[in-house]
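Asker: The structure is given below, and queries will be raised subsequently.
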Amino acid sequence: MPWQENRVEEQRLMVVKDREDGLSISELAEINGVSRKTIYKWLDRYEGQGLKGLSDLSRRPHDSPSQVSAEVQSAIVAARQRWKWGPGKLRVKLIQQDSTQQWPAVSTIAAVLKAKGLVVSRRNRPRTPVQRPPYAAADGPNAVWCADYKGYFRCGDGTRIDPLTITDASSRYLLRCQIVERTGYENAQVVFEAAFREYGLPAVIHTDNGVPFASVAPGGLSQLSIWFVKLGIVPERSRPGCPQDNGRHERMHRTLKQATARPPRATARLQQKAFHEFQQEYKYAS
């Protein structure tokens, strides 16, 4: 076909020549497989611009409705420098300042801020790898232990209390409820080691993703969980934001808080005494 054998300009120039030779518009349209309107367009462009008018025109619009004027860009930059806010809040503020102006969309304001170098890209923060169900079945004593820190509070003299709690998921025994000075590896290891000596080693220890149970290292292993692995214990973690994955333990924490921290005791020593009394009562009432 002519369209495949010739360049576009040559094909359209042949249309012009054929028209000069006396062919009708209808004949030209049929021969070239286009509409009569297209033939008229080519002829008009050739008459006004010559051979240049027969080339394909750019599809880019002459005017962009989303183009931001220099004045609007300056207003966006000034607002950003004044309030340090993101594009959504800046747009609200700009509308409040001048409701007669047609302010661009939030996405366009964001593009202006980025083009002006006023946006700092966030670094991708490393996250602990997520473990998902199914989890190990608590089908007998020492099959699964659950551990966590009860949310901290302060006793009467202002001392911060961070109790580390350990339960057996099968028997519901509260094996440990111990105040630690810091929620780090060393203090947690001492509490777990004492529990291992008294009750033996569990097959699995289920925790959340906080310190010192997990990290952003490969496999989410922390120094404490690596120690578990060396002892032959499988560390298991709940999904982030899913306390139901450790539901037995979380339910015990609610009872612990009601029984020992409302109100908190006057000193850390008295608070630990209350924890010990609760531990004995809860263990044999489970």
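The values are calculated or read from the model by the stated rules, or taken from the named source; none is laboratory data. Just so we're clear, the structure is a prediction, and the values are computed from it rather than from any experiment. Note: ideal-geometry Cβ built from the backbone for every residue, glycine included; neighbour counts use all protein chains shown.
Asker: Name the residues in segment 271-286 that are hydrophobic (A, V, I, L, M, F, W, C) and surrounded by 14 or more Cβ atoms within 10 Å (Cβ to Cβ), would you?
Answerer: Here is the first cut: in segment 271-286, the ones hydrophobic (A, V, I, L, M, F, W, C) are 274-275, 278, 285.
Across segment 271-286, the qualifying residues are Ala274, Phe275, Phe278.
Asker: Within segment 172-196, take every residue that is in contact with a Pro (Cβ under 6 Å, 6 or more places away or on another chain) and surrounded by 15 or more Cβ atoms within 10 Å (Cβ to Cβ) and give me the one that is farthest from Thr260 (Cα to Cα).
Answerer: Kept after step one, since they are in contact with a Pro (Cβ under 6 Å, 6 or more places away or on another chain), are these residues of segment 172-196: 177, 179, 184-185, 188.
Pick out the ones that are also surrounded by 15 or more Cβ atoms within 10 Å (Cβ to Cβ) and you get 177, 179, 185, 188.
Numbers: Cys177: 11, Ile179: 13, Tyr185: 26, Ala188: 21 Å.
Filtering segment 172-196 for residues that are in contact with a Pro (Cβ under 6 Å, 6 or more places away or on another chain) and surrounded by 15 or more Cβ atoms within 10 Å (Cβ to Cβ), the one farthest from Thr260 (Cα to Cα) comes out as Tyr185.
Asker: Could you tell me which numbered condition Val119 fails, if it satisfies all but one of (1) in contact with a helix residue (DSSP H, G or I) (Cβ under 7 Å, 6 or more places away or on another chain); (2) assigned to a loop (DSSP other than H, G, I, E, B); (3) more than 30 Å from Glu71 (Cβ to Cβ)?
Answerer: The failed condition is (3).
Asker: Suppose we keep only residues that are in contact (Cβ under 8 Å) with a residue 60 or more places away in the chain and of a type in the set (A, V, I, L, M, F, W, C) within segment 240-273. Which one would you say is farthest from Arg172 (Cα to Cα)?
Answerer: Ala266
Asker: What do you reckon, is Arg254 under 30 Å from Arg154 (Cβ atoms), modelled with pLDDT under 95, in the same structural domain as Asp162 (by TED's automatic domain parsing) and among the basic types (Lys, Arg)? Steps first, please.
Answerer: Numbers: under 30 Å from Arg154 (Cβ atoms): yes; modelled with pLDDT under 95: yes; in the same structural domain as Asp162 (by TED's automatic domain parsing): yes; among the basic types (Lys, Arg): yes.
Yes, satisfied.
Asker: Can you give me the number of residues within segment 157-173 that are touching a residue at least 40 places away in the same chain (Cβ under 8 Å), over 19 Å from Val204 (Cβ atoms) and not in a loop (DSSP other than H, G, I, E, B)?
Answerer: Filtering segment 157-173 for residues touching a residue at least 40 places away in the same chain (Cβ under 8 Å) gives 157, 159, 161, 163, 165, 167, 169, 171-173.
Cutting the leftovers down to over 19 Å from Val204 (Cβ atoms) gives us 157, 159, 161, 163.
Among the residues that remain, those that are also not in a loop (DSSP other than H, G, I, E, B) are: 161, 163.
Adding up the residues that qualify gives 2.
Asker: What do you reckon, is Lys37 surrounded by fewer than 12 Cβ atoms within 10 Å (Cβ to Cβ), assigned to a helix (DSSP H, G or I) and either at pLDDT 85 or above or of a type in the set (Asp, Glu) (or both)?
Answerer: Numbers: surrounded by fewer than 12 Cβ atoms within 10 Å (Cβ to Cβ): yes; assigned to a helix (DSSP H, G or I): yes; either at pLDDT 85 or above or of a type in the set (Asp, Glu) (or both): yes.
Considered against the rule, which asks whether it is surrounded by fewer than 12 Cβ atoms within 10 Å (Cβ to Cβ), assigned to a helix (DSSP H, G or I) and either at pLDDT 85 or above or of a type in the set (Asp, Glu) (or both), Lys37 comes out as yes.
Asker: Go through segment 142-156 and count every residue that is at pLDDT below 95 and in a loop (DSSP other than H, G, I, E, B).
Answerer: So the count comes out to 5.
Asker: Just for segment 199-221: of the residues that are among the hydroxyl-bearing types (Ser, Thr, Tyr) and modelled with pLDDT of 95 or more, which one is farthest from Ala136 (Cα to Cα)?
Answerer: The initial filter retains those residues of segment 199-221 that are among the hydroxyl-bearing types (Ser, Thr, Tyr), namely 199, 207, 215.
Right, trim to modelled with pLDDT of 95 or more and you get 199, 207.
Numbers: Tyr199: 19, Thr207: 12 Å.
Per the criteria, the residue is Tyr199.
Asker: Quick check on segment 43-66. Is at least one of its residues modelled with pLDDT of 90 or more, among the small types (Gly, Ala, Ser) and over 34 Å from the mean Cα position of the chain (by Cα)?
Answerer: No, that holds for no residue.
Asker: Next question, about the same structure. Of the residues Arg122, Arg132, Arg127, only one is among the basic types (Lys, Arg), out of contact with any strand residue (DSSP E or B) (no Cβ under 7 Å at 6 or more places or on another chain) and farther than 30 Å from Arg251 by Cβ; which? So that I can check it myself, show each step before the final result.
Answerer: Details: Arg132 fails: farther than 30 Å from Arg251 by Cβ; Arg127 fails: farther than 30 Å from Arg251 by Cβ.
On inspection, the qualifying residue turns out to be Arg122.
Asker: Yes or no: Ile109 under 23 Å from Thr255 (Cα atoms) and either without any contact (Cβ under 8 Å) to a residue 60 or more places away in the chain or of a type in the set (A, V, I, L, M) (or both)?
Answerer: Values: under 23 Å from Thr255 (Cα atoms): no; either without any contact (Cβ under 8 Å) to a residue 60 or more places away in the chain or of a type in the set (A, V, I, L, M) (or both): yes.
Judged against the criteria, Ile109 is not a match.
Asker: Let me ask you something else. All but one of (1) surrounded by fewer than 19 Cβ atoms within 10 Å (Cβ to Cβ); (2) within 32 Å of the chain's Cα centre (by Cα); (3) over 17 Å from Ser225 (Cα atoms) hold for Pro163; state the number of the condition that does not hold.
Answerer: Looking at each condition in turn, Pro163 falls short on (1).
Asker: Just for segment 112-145: of the residues that are without any contact (Cβ under 8 Å) to a residue 24 or more places away in the chain and surrounded by 10 or more Cβ atoms within 10 Å (Cβ to Cβ), which one is nearest to the chain's Cα centre (by Cα)? Before the answer, list the steps.
Answerer: To start, the set of residues in segment 112-145 that are without any contact (Cβ under 8 Å) to a residue 24 or more places away in the chain comprises 114-115, 117, 119-125, 134, 137.
Still in the running and surrounded by 10 or more Cβ atoms within 10 Å (Cβ to Cβ): 114-115, 119, 137.
On the way: Lys114: 21, Ala115: 24, Val119: 19, Ala137: 31 Å.
Among those that are without any contact (Cβ under 8 Å) to a residue 24 or more places away in the chain and surrounded by 10 or more Cβ atoms within 10 Å (Cβ to Cβ), it is Val119.
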